[in-house]
Amino acid sequence: MGKTVGAPILEVEGVSLSFGGVVALQAVSFDVREHEIRAIIGPNGAGKSSLLNVINGFYHPQQGSVSFKSRRRRRVDPHEAAQAGIARTFQNIALFRGMTVLDNLMTGRTLKMTSNFLEQALYWGAARREELEHRAKVEEVIDFLEIQHIRKTPVGRLPYGLQKRVELGRALAAEPQLLLLDEPMAGMNLEEKQDMCRFILDVNDQFGTTIVLIEHDMSVVMDLSDRVAVLDYGRKIADGAPDEVRRDQAVIDAYLGVAH
Amino acid sequence: MTQLLYSIFVDPFVQMGTAPDLLAQTLWEGLVSGVLYALIALGFVLIFKASGVFNFAQGIMVVFSALTLVGLNEHGVPAYLALALTVVVMLVLAFAVERVILRPLVNQPDIILFMATFGLTYFLIGLGELIFGGDPKVMISDQLRLPGGSYRIPMLGGYVQMQKIDIAATVIASLMVAALAVMFNRTRIGRALRAVADSHKAALSVGISLEQIWVIVWFAAGVVAIATGIMWGARSNVSFALEIIALKALPVLILGGFTSIPGAIIGGIIIGVGEKIGEFYWGPLLGSGIESWLAYVIALVFLLFRPQGLFGERIIERL
């Protein structure tokens, strides 16, 4: 494929996270290299979503650290993660339902806009110019995802598969360096899955975006990803190329269950 | 019996028909008080939309801002400077509310936040009395160059009397609403406000700061409170009794929906006009004074048929 994977852009080191007595993650270390597609798999409740939430600052781990672009942090807030260039989608779609597709995508560009409060309030000068510039950028994303026809539709009215696509669009509108996708294909039919796979590969290829994705569909994971990390009960039990992981005994046991 | 039915269903309309100038006068007065109700409701809607908090303190914010304005002027601060300082005070209040009330209570049930705004109400009453005393004050209409007097406009074979201050109030309220509408629909901050209203976690993930948004909405509600305080204060005077108008916003919100700016405006006007018409034409049947409760009856009837309000979002809970 001629794709060059670079140095690690994200390093999660020894992260432990618990909610009261419930342990979600135990000393998980994990890295993502620049330009790579990295999958996280594991049975339900293994801690996959928790790990994404730690990376983008929704959860603060009790132990361990996360470094993004060599900046090591004990505690990141979602706002800071977004500013650093991390965008994400959610397992259960979290769109702004009352707003149109266009407005949802424009929201993705919040951090790129710089006009001040007064100019905004008066919709004056810089604010106006800025809207037009960002609008052009958003139109590129709309073309890329082939959603031109629903541009002005409120997202609440769209079918599920398209909502997923719009959510990806909102993340892309931020021009992220690292894109976190939490089950981007959950609940989709075959055709929608194929479209989504194509978009993920294209994003990775054309924009050079590094991608971390959680997915349950094994054939998708094996086809898309460069490396796969496997979580079970909050621990990482395997990590490596898709083929290695597929043959790993611990992984097979976790998925199929094992006689004790 | 027929006498009673006649006086309910026929007589009022006969009166309207025979004296259209009086009808026009009543409609105008209804419109003016409706606009003021709408302004108060607008303050509620702004905060409710962005943070899901029903801000009981909106009424006292109106009083507090008006008292600050008048109080500063009494201490020799020129009127316009006092107005600017009042805006600053409301900004400080917005920051304080975010830091002291909203941030520590984030993710708590709505009822807790609602109770917290009760606390804020009594705090502001106490603070206001401590600083400005409990006596009613006269709004500094002249110093602010608000127009006084009235126009007598010949209309429909009679005259309609329009207070200049009422005309000014209507114009200023319309301008504020138009500005808010543009901001909500066209700008980054407006989009961020709507985004926060729709989904907190998605808003956070695109880098919107909830703290900043809360400060902005509380400040916007504060500015709306100042405008309301000046307009209302100019019509009567500035006292803590004004706080009660917050309760008048409730039927307006029920009518218009808690999340809709146009709803607040139209709801306000319906309530204002409904009250005045009811009082003028049907009031005498019940010995007058129905103005004070008619709004709630209108809202109650409305609730039966359209619980989400005229423009509110219909809430469909998944079972």
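The single residue among B:G207, B:G190, B:G229 that is at positive phi and open to solvent by less than 40 Å² (accessible area, probe 1.4 Å) turns out to be B:G207. In the range B:82-109, which residues are in contact with a helix residue (DSSP H, G or I) (Cβ under 6 Å, 6 or more places away or on another chain) and not hydrophobic (A, V, I, L, M, F, W, C)? Passing the criteria: B:T86, B:E98.
In the set B:E275, B:E291, only one residue is in contact (Cβ under 8 Å) with a residue 12 or more places away in the chain and surrounded by 20 or more Cβ atoms within 10 Å (Cβ to Cβ); that residue is B:E275.
Would you confirm whether or not the range B:290-299 contains a residue that is of a type in the set (S, T, N, Q), in contact with a Leu (Cβ under 8 Å, 6 or more places away or on another chain) and closer than 30 Å to B:V70 by Cα? No, the range B:290-299 contains no residue that is of a type in the set (S, T, N, Q), in contact with a Leu (Cβ under 8 Å, 6 or more places away or on another chain) and closer than 30 Å to B:V70 by Cα.
Residues that are free of Cβ contacts under 8 Å to residues at least 24 places away in the same chain and either surrounded by fewer than 15 Cβ atoms within 10 Å (Cβ to Cβ) or part of a helix (DSSP H, G or I) (or both) within the range A:46-59 comprise just one, A:N53. Within the range A:1-39, if we keep just the residues that are open to solvent by less than 10 Å² (accessible area, probe 1.4 Å) and touching a Gly at 6+ places or on another chain (Cβ under 9 Å), the residue that is nearest to A:H60 (Cα to Cα) turns out to be A:L17.
Which of the residues belonging to the range A:92-150 are modelled with pLDDT under 85, open to solvent by less than 40 Å² (accessible area, probe 1.4 Å) and assigned to a helix (DSSP H, G or I)? Of everything in the range A:92-150, those that are modelled with pLDDT under 85, open to solvent by less than 40 Å² (accessible area, probe 1.4 Å) and assigned to a helix (DSSP H, G or I) turn out to be A:T110, A:Q120, A:A121, A:G125, A:A126, A:A127, A:E130, A:E131. Being under 16 Å from B:W218 (Cα atoms) and in a loop (DSSP other than H, G, I, E, B): is that true of B:V62 here? Considered against the rule, which asks whether it is under 16 Å from B:W218 (Cα atoms) and in a loop (DSSP other than H, G, I, E, B), B:V62 comes out as no.
Against the criterion of being free of Cβ contacts under 8 Å to residues at least 24 places away in the same chain and either within 19 Å of A:N56 (Cα to Cα) or not in a loop (DSSP other than H, G, I, E, B) (or both), A:Q194 qualifies. Scanning the range A:12-36 for residues that are among the hydroxyl-bearing types (S, T, Y) and either closer than 15 Å to A:R227 by Cα or not in a strand (DSSP E or B) (or both) returns a single hit, A:S29.
Just need a number here: residues in the range B:84-107 that are outside any loop (DSSP other than H, G, I, E, B) and polar (S, T, N, Q). Residues in the range B:84-107 being outside any loop (DSSP other than H, G, I, E, B) and polar (S, T, N, Q): 1 in total.
Considered as a group, the residues in the range A:228-260 that are without any contact (Cβ under 8 Å) to a residue 12 or more places away in the chain and assigned to a loop (DSSP other than H, G, I, E, B) include one that is most open to solvent (accessible area, probe 1.4 Å), and that residue is A:H260.
Residues being surrounded by 21 or more Cβ atoms within 10 Å (Cβ to Cβ) and either out of contact with any Gly (no Cβ under 6 Å at 6 or more places or on another chain) or at pLDDT below 85 (or both) are entirely absent from the range B:15-22.
Each residue in the range A:3-46 was checked for being under 15 Å from the mean Cα position of the chain (by Cα) and either within 14 Å of chain B (Cβ to nearest Cβ) or not charged (D, E, K, R) (or both), and 8 pass. Residue-level check: of (1) open to solvent by less than 30 Å² (accessible area, probe 1.4 Å); (2) closer than 30 Å to B:R191 by Cα, B:V238 misses just (2). Among the residues of the range A:74-83 satisfying the criterion of being closer than 19 Å to B:E211 by Cβ and surrounded by fewer than 19 Cβ atoms within 10 Å (Cβ to Cβ), which is farthest from the other protein chains (Cβ to nearest Cβ)? Result: A:R75.
Can you tell me which residue is nearest to the other protein chains (Cβ to nearest Cβ) among those in the range A:151-171 that are of a type in the set (V, I, T) and open to solvent by less than 10 Å² (accessible area, probe 1.4 Å)? Filtering first and then ranking leaves A:V155.
Here B:S141 meets the list (1) closer than 21 Å to B:V223 by Cβ; (2) of a type in the set (G, A, S); (3) assigned to a helix (DSSP H, G or I) almost entirely, failing just condition (3).
Pick out, from the range B:174-280, the helices (runs of 4 or more DSSP H) lying fully within it that include 3 or more residues that are under 20 Å from B:Q308 (Cα atoms) and more than 14 Å from every other protein chain (Cβ to nearest Cβ). Walk me through how you get there before you give the answer.
On the way: elements: B:188-198, B:200-205, B:210-235, B:245-256, B:261-277.
In the range B:174-280, B:245-256, B:261-277 are the helices (runs of 4 or more DSSP H) which contain 3 or more residues that are under 20 Å from B:Q308 (Cα atoms) and more than 14 Å from every other protein chain (Cβ to nearest Cβ).
For the range A:209-222, the set of residues classified as at pLDDT below 90 and either out of contact with any Pro (no Cβ under 8 Å at 6 or more places or on another chain) or polar (S, T, N, Q) (or both) consists of A:H216, A:D217, A:M218, A:S219, A:V220, listed by residue number.
The values are calculated or read from the model by the stated rules, or taken from the named source; none is laboratory data. Given the structure is predicted, the values throughout are model-derived calculations rather than measurements. Every residue, glycine among them, receives a Cβ derived from its backbone with ideal geometry; neighbour counts consider all protein chains shown. What goes into the accessible areas is simple: the full protein's heavy atoms, side chains included, and nothing from ligands, DNA or RNA. Shrake-Rupley method; radii C 1.70, N 1.55, O 1.52, S 1.80 Å.
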